[in-house]
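First the structure, in the form of structure tokens, and then the observations on it.
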Amino acid sequence: MPTIHEKKFVSGDPAKCIGCRVCEYACSMKHENTFNPTKSRIRAVRLNSFVNLAVSCRLCEEPPCVAACPRDALRQSEETGIILVDEDKCNGCGWCVEACDYGAIQLHPETRKVFSCDLCDGEPSCVEWCPEEALDYTTKDIVSQKARIGAVKKLFRESLRG
Amino acid sequence: MSYAKRILYVDLTTGKTEVKPLDMKLAKKYIGGIGLGMKLWLDHSKAGVDPLSSENPLIYMTGPLTGTMAPSAGNTYAVVSKSPLTNTIGESKAHGFFGSEVKRAGYDAIIFTGKSDKLVYVWIDDDSVQLLDAEHLRGKSPAETDETIREELGDFYIRVSAIGEAGEKLSRIACIINDEYRAIGRGGMGAVMGSKNLKAVAVRGTNDVNVGNMDEFKEFVRMVHERMKGPATRKYRTLGTPENVLVLNALAALATRNFTNATFEGAEKVSGEFLNEHYVKKIIGCATCGMRCDHIAVVPEGEYKGSTSRVEFECLWSCGPLCGVDRLDAIIEAIRLADYYGLDGISIGVVVAMAMDCYENGVITDKDTDGLKLNFGNHEALVEAIKRIGTRTGWFGETFAEGTKRAAEIIGGDAYKYANHIKGMELPGYDLRTLQTAALGFSVSFRGACHLRSGAYSPDVKGKVDRFKIEKGRGKLIMDGEDLYNVVDSLILCKFSRGVMYDGLKDMAKYYELATGIPMTAEELILAGERINNLARVINIREGGGTREEDQLPWKILNFPVPEECVGKGVYVKQREFDIGLSDYYEVRGWTDDGIPTPKKLKEVGLEDLIPIVDKKIKAMKKK
């Protein structure tokens, strides 16, 4: 298993995301050579003008989707933490879909098998294309670091101005 | 191939639907969007059709780039129909998210004909098309309608294009709205929809949209994204179009108090700078776009606290300076209400400003307004007036819901002097007395007063011409602008992104070619632009207008010199110069001096089949 310093995922920043769906188009372009958000592994959600976020696989520890599969069609990659789907075993029953709290594993409209973010072999297309730089290919360790530093900076902004 | 190659026909009278193939020869000839839309409208309508009758087809169009990842063009649609506001061809475009869903559902165009006997909405789920009861949506705003439909159909990603109460009640300035803030704004398309008892169009599209050459298309899009981060879109990404307030004010071109003044003493308070500092909470964007321009403003305190709307210059101007209102909180509320009732945000302000001018000059009185004190600058009256017009309440609401031209006819007397429209369409935010290329350009626009048919204000604002007069040579500037914008609106590129096409038509041709796989050159594109302008003109002639007689300016522009101390003091458009300008424009267009396209010109642009229409008109004009 990758260490927490190595295990990267696609992280969305709601402060920057504007719900433009460029990530969806980029994803379907990369994986399916077409434009079709319903075939995208990352999905943008705009609740209203102010609340936007793109969501993809969180690469959970002990992923519930894997646990939910009665056919052992899913397993988590030892190397990267992504969810690997054995398409011969998957019969589209969707228990994994129900098990995922984030809607990050979906049923493919054509293959009728499940699919989720594969991190594009370490160069996520969505991150590359996001015009707002709202997506980051990073580790949870770094996400928490950044948040922490931001909070401290805010707390001591007077002193920092020095 | 990014065309879907299919047209969906929906007969609202019988409920029957049909899918027919798109003639791909027409696709290349008219591109898509407004060009192809107007051609389809012509082919599916009878001469002289009443815009609000069941015989007037309402056409939803996508563009050739819709559904692809093309920034600013992937998300678009246009609506084409005969306009109840102008009696000319009407067209309007909107961005957001809705358009791409139509293409993914598998349609280049949706042609609505007939009229439903009860209020319905159309639910297009890829190949399945149903008319569903919409009685429970009556009176709801477009945004409320959108939310209700998505909830009842149970899919968050369904997209909805809807009318509000103004459209249901056939206000001639009613618009259609999608994705909360995006409007098919101009020309009363919402009233056409209302006349068909069609409340909304809801779409879910799940098909692939493919392009001719994915690898090159991807690189082209990447380049557009890069350019979108640069100077060409700076204005839209930063202050947004409200930047115009101070720019135009300095030029004495910020029409104020219904085109009485050309400068506004309250300009600072309604400037883009002030707006962004105090009201803009977030800047968001449309699907597939690499820039972002939607300045979402929220009123933080006071009597309009919480009011939220998307603010662009045009609506800010019409509900602000033009009504003498210098409070952004009231302007934000006014725009919110326009969206709520589904009223064109430009027209509504111009209509209220006319009412205020009539009131100030005693043409209408307290009796007509039921006590509403319509003085310039009275923000409470502005807000109340919009509510009454949106709901057609009382004599006042009924009269002004008809737009400025008809309101003047109803009121009679001197009211026409205060009606600022061209061909019935309310003027947008440019004082035509001090921007006279714009005056000429707006007057010849086929859909009535419009800054987006030619961008004719640009040579004036940029100082390329003497903007205080009209002279020979302006016709060419206007024509070039029109032909280009016809291409832009047929590809349905967002005009905010026009600057990222560094190589202009060459870039657009390449964009088209890579997406559709159909060979296209810059020369072919601009010829299509010229063809489309001639097509629109001939349609207007067939509908009884489309000549010099209709290419006119409002009374104030021709008769009321700018009164205050400013660079434009004393300036107005002189009829004699204007007439010379019209002749100049017709000449470069290859039209007769009455403004009618000649058979020779129609042959040149590939519209031979329309020659009988102009022949008939030219003969009739000779008899006169």
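Any read-out appearing in this document is the output of simple, stated calculations on the displayed coordinates, not a laboratory observation. Values in this document were obtained by computation on a predicted structure and should not be read as measured data. Counting neighbours? That spans all protein chains shown, and the Cβs are built from the backbone with ideal geometry, glycine included.
Observations on the structure shown:
- DSSP bridge analysis restricted to chain B gives an antiparallel fraction near 80%, rounded to the nearest 5.
- The stretch B:6-204 - share of DSSP beta bridges that are antiparallel (%, nearest 5): 75 percent
- Think of the stretch A:29-162 as having a plus end and a minus end, set by charges on the Cβ of Lys, Arg, Asp and Glu; of A:Ala44, A:Ser116, A:Thr34, A:Ala44 sits farthest toward the positive end of this dipole.
- Tilt relative to chain A, helix A:140-155 - C-alpha long axis, 0 to 90 degrees, to 10: 20 degrees
- Of B:Leu132, B:Leu505, B:Leu440, the sequence from fewest to most neighbouring Cβ atoms within 10 angstrom is B:Leu132, B:Leu505, B:Leu440.
- Within chain A, helix-based [θ] at 222 nm, where runs of 4 or more DSSP H residues each add -39,500 (n - 2.57), nearest 500: -7500 deg cm²/dmol
- The fraction of all Cα pairs in chain B landing in successive 20 Å bins from 0 to the largest distance is 21, 59, 20, 0, given as whole percents.
- Centre-to-centre, using Cα atoms only, the stretch A:19-72 and the stretch B:332-354 are separated by 38 Å.
- Over the Cα atoms of the stretch B:6-204, the radius of gyration divided by the Kirkwood radius equals 0.92; this is the Rg/Rh ratio.
- Residues B:His379, B:His95, A:His108, sorted so that the one with the fewest Cβ neighbours within 10 Å comes first: A:His108, B:His379, B:His95
- Gap separating the Cα centres of the stretch B:1-38 and the stretch A:94-136, nearest whole Å: 34 Å
- Extent along principal axes [Cα atoms of the stretch B:233-426; Å; largest to smallest]: 50, 33, 33
- Chain B: relative contact order in percent, alpha carbon pairs under 8 Å with at least 6 residues between: 15 percent
- Working from Cα pairs under 8 Å separated by at least six residues, relative contact order for chain A is 29 percent.
- Dipole magnitude (debye, nearest 20) for the stretch B:377-423, charges at Cβ of Lys, Arg, Asp, Glu: 180 debye
- The angle between the Cα long axis of helix A:22-32 and the longest principal axis of the Cα atoms of chain A comes to about 30 degrees, rounded to the nearest 10.
- Global form of the protein assembly as shown, assessed from the alpha-carbon gyration tensor, a/c cut-off 1.5: prolate
- A helix-only calculation puts chain B at -12000 deg cm²/dmol for mean residue ellipticity at 222 nm, using -39500 (n - 2.57) for each DSSP H run of at least four residues, averaged over all residues.
- The overall shape of the stretch B:477-624 is oblate: from the C-alpha gyration tensor, with semi-axes ordered a ≥ b ≥ c, the ratio a/c is 1.5 or greater and a/b is no larger than b/c.
- Note on the protein assembly as shown: with charges restricted to the Cβ of Lys and Arg (+1) and Asp and Glu (-1), its dipole about the Cα centre is near 1500 debye.
- With neighbours defined as other Cβ atoms within 10 Å of a residue's Cβ, the residues B:Lys617, B:Lys574 order from fewest to most as B:Lys574, B:Lys617.
- Size of the stretch B:98-151 as Cα extents on the principal axes (Å, biggest first): 30, 25, 15
- The phi-based Karplus calculation (6.51 cos²θ - 1.76 cosθ + 1.60; θ = phi - 60°) puts the 3J(HN,Hα) values of the stretch B:152-168 at 6, 8, x, 9, 4, 8, 5, 10, 10, 10, 9, 9, x, 4, 4, x, 4 Hz, whole numbers, x for Gly and Pro.
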